[in-house]
1. Looking only at residues that are under 21 Å from Ile117 (Cβ atoms) and among the aliphatic types (A, V, I, L, M) in segment 39-51, which one is most open to solvent (accessible area, probe 1.4 Å)?
2. Whether any residue in segment 21-42 is part of a strand (DSSP E or B) and under 20 Å from Ala146 (Cβ atoms) is what I want to check.
3. Ser36: at pLDDT below 85, over 12 Å from Leu111 (Cβ atoms), surrounded by fewer than 20 Cβ atoms within 10 Å (Cβ to Cβ) and not charged (D, E, K, R), yes or no?
4. Looking only at segment 52-84, which residues are hydrophobic (A, V, I, L, M, F, W, C), surrounded by 20 or more Cβ atoms within 10 Å (Cβ to Cβ) and not in a helix (DSSP H, G or I)?
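The values are calculated or read from the model by the stated rules, or taken from the named source; none is laboratory data. All figures in this text were calculated on a predicted structure; none of them were measured in a lab. Ideal geometry is used to build each Cβ from the backbone, glycine not excepted, and the neighbour counts take in all protein chains shown. SASA here: full protein model, heavy atoms, side chains in, ligands and nucleic acids out. Shrake-Rupley method; radii C 1.70, N 1.55, O 1.52, S 1.80 Å.
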Amino acid sequence: MSDETTVAMLGHIAARTRVCAMAIDREGRILAVNQSGLDLLEVELSDICGQVWAERWQSPERERADLALARAFAGETAGFTGLCRREAETTAWEVEILPLERRDHAVDTVLMICRQIEVPLAANLNSDDPKEAAFGDALHAFANLASVAESSVRLLERVSEDPKVSQIAAAMQQAADAARDRIGRLTAQRDPL
């Protein structure tokens, strides 16, 4: 990978904590993984590099993973939330995929960033009760919206020093913080420990 690509990837990752970040090629193979990602997945680099990323997901998440990957290679930022099953454990993840490196006017590699979702939100992903599932879907939509707002804040802060842009970024961050707080309180009410 080029120095420019590496710097872009590291800059994006540096703004996040406790995330799994992977570089993925056009064939869907994992090229690189950050140390935090290896720790979260409990794997060694040699165990995961070269594997097809989407194969780590099962239906219906596999279809979402394939679609998000295709969109990223088409030049868009894409994402989804889903359950990843490995061995006896199932964990819920919020996934964002964005174009990383271009060659010959086409996206050649993408950056996949995922964050593990806390247990109360994850429990609603596979509920058999339609109301519980709808509640879980709504909470995930709000969590995704908060994440998009936070990502937008970081982007706005990097690209402009205009005071109006700073005010917009501050308002977006305040809204994202309020949404995360509300999501936490709702899940605590729904699933008291």
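1. Val43
2. Yes, there is a match, as at least one residue in segment 21-42 is part of a strand (DSSP E or B) and under 20 Å from Ala146 (Cβ atoms).
3. yes
4. Result: Trp57, Ala78, Phe80.
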